[in-house]
1. In region 208-310, which strands (runs of 3 or more DSSP E) lie fully inside it and hold 1 or more residues that are within 18 Å of Q383 (Cα to Cα)?
2. Tell me, which residue of region 219-244 that is without any contact (Cβ under 8 Å) to a residue 60 or more places away in the chain and β-branched (V, I, T) is farthest from V269 (Cα to Cα)?
3. Assess whether E297 counts as being out of contact with any Leu (no Cβ under 8 Å at 6 or more places or on another chain), of a type in the set (D, E, K, R) and more than 21 Å from S123 (Cα to Cα).
4. What's the number of the only condition in (1) among the small types (G, A, S); (2) part of a helix (DSSP H, G or I); (3) touching a strand residue (DSSP E or B) at 6+ places or on another chain (Cβ under 9 Å) that S39 fails to meet?
5. Given the criteria surrounded by fewer than 17 Cβ atoms within 10 Å (Cβ to Cβ), modelled with pLDDT under 95, among the small types (G, A, S) and out of contact with any Phe, Trp or Tyr (no Cβ under 9 Å at 6 or more places or on another chain), does A404 qualify?
6. Scan I71, I55 and give me the residue that is touching an Asp or Glu at 6+ places or on another chain (Cβ under 8 Å) and more than 19 Å from Y234 (Cβ to Cβ).
7. Is it the case, given these coordinates, that S268 is small (G, A, S) and either surrounded by 15 or more Cβ atoms within 10 Å (Cβ to Cβ) or over 24 Å from A44 (Cα atoms) (or both)?
8. State whether the residues of region 160-170 include one that is in contact with a Leu (Cβ under 7 Å, 6 or more places away or on another chain), basic (K, R) and surrounded by fewer than 24 Cβ atoms within 10 Å (Cβ to Cβ).
Amino acid sequence: MSIFQRNAIAAVAALGMAAAPLAATAEGEVVVGVAASFSGWMQAYSQPSYNAMLIAVDDINEKGGLLGKQIKVVVADAKTDRAESAKAGQQVLAEGAQMVAVDCDYDFGAPAALAAQNANKISIFLCAESVLAGIQGVGPASFSSSVLAAVQGATLAEWGAKEKGWKTAYILLDTTIEYNKGICYGFDWMWREKLGLEILGHDVYKNDDPSIAAQITRIKGLPTEPDFIINCSYIPGGASALRQIRAAGINSALGGGSSMSGTYWLDSVPGLTGHYVPEQASIYGDDPRPEVLAFNEKYKERFGEYPNSQYTYPGYLVVEMWARAVEKAGSFETEAVLAEMNQFKDEPFLIGTRTFTPELHHQNSAPYLVVETTNGKPAVAAQFQISEPVPMDVLFGKRYEYIAR
């Protein structure tokens, strides 16, 4: 158990998370809690996912509800703060939440998820993509609706090698959060171990570093420019790194995890070209699946605009997955619902299938759309799924100690 987990558990216990719910639930309703960030930088990820959750709730309620009950959503702002996350978890549980949706990131969502675990309630990360966002970092009643960061890195590696002919790469890791490390773990595993290709170097930075001039100097000092630079980061630091790389005259293809999807940040890197991101669904009007296009229209009708990030879509699955398991169990009881979720095997949902086991509550392989940005305009370039699942020891980075230094 990590120091963070121990501290989070202690904080949850201090807040009295094991106490019985304080608010009565109206007859004919079942409560779903959302303890996520609606302020701070995490809002850019959790808010769109929460919006999609609301559409899923509407879809179920309009059809008569879940086991004859209307779903009621209660919300608490985690404020992109770990201590506030624990408080938010406490609040929604006190309001009678049977399931708790938590932030899109392990580091910030785990305190609320641990609150749910201590109260014997299922938690689902809105779109977290670290393997710790589940059994390994929270407990057996915790899941994520999204796909592991390592799968994203592995997808870019295998697709780029096979479809673009890239043969050399450079790893640039923002060490701020666990998610970023996962991207690099998956890329390194696929690139070197499975494909036998060359990594010319690796370097680290922090998301709030004002400059990566030293890292760029090392890249420019290589005998030859790498075919591809994997930038394992998120907004805003990830965009700042891209801008500096291009301003330095480096023309390598660039890419990162799904955290670098969307259009809301592209103005900060004018004319960005040659940038690749794996996305579960397209917000650009070119998704090949009619059901996703229909969802996009429903989202616009509800919120006045189309989705602006691929992190919108996993939020729909938070409710869709839990509701499917409740229906199969014929019960809202945690143990019954958990047993059904643990039996999901290629279970179909809005943006693809989900498989869970008692050992892994995440996806270590999944189909992705590869989105290419050219002159500041993203578009789907391909559909791709890695040739084999990412192994568990890779998910934890046990082979790549140098990345986390």
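1. Where strands (runs of 3 or more DSSP E) fall fully within region 208-310 and carry at least 1 residues being within 18 Å of Q383 (Cα to Cα), they are 253-255, 275-279.
2. Filtering region 219-244 for residues that are without any contact (Cβ under 8 Å) to a residue 60 or more places away in the chain and β-branched (V, I, T), the one farthest from V269 (Cα to Cα) comes out as T224.
3. yes
4. Result: S39 fails condition (2) only.
5. yes
6. Sole residue among the options that is touching an Asp or Glu at 6+ places or on another chain (Cβ under 8 Å) and more than 19 Å from Y234 (Cβ to Cβ): I71.
7. When the stated conditions are applied, S268 does not pass them.
8. Yes, that holds for at least one residue.
The values are calculated or read from the model by the stated rules, or taken from the named source; none is laboratory data. Just so it is clear, the model here is predicted, and its values are computed rather than measured. Note: ideal-geometry Cβ built from the backbone for every residue, glycine included; neighbour counts use all protein chains shown.
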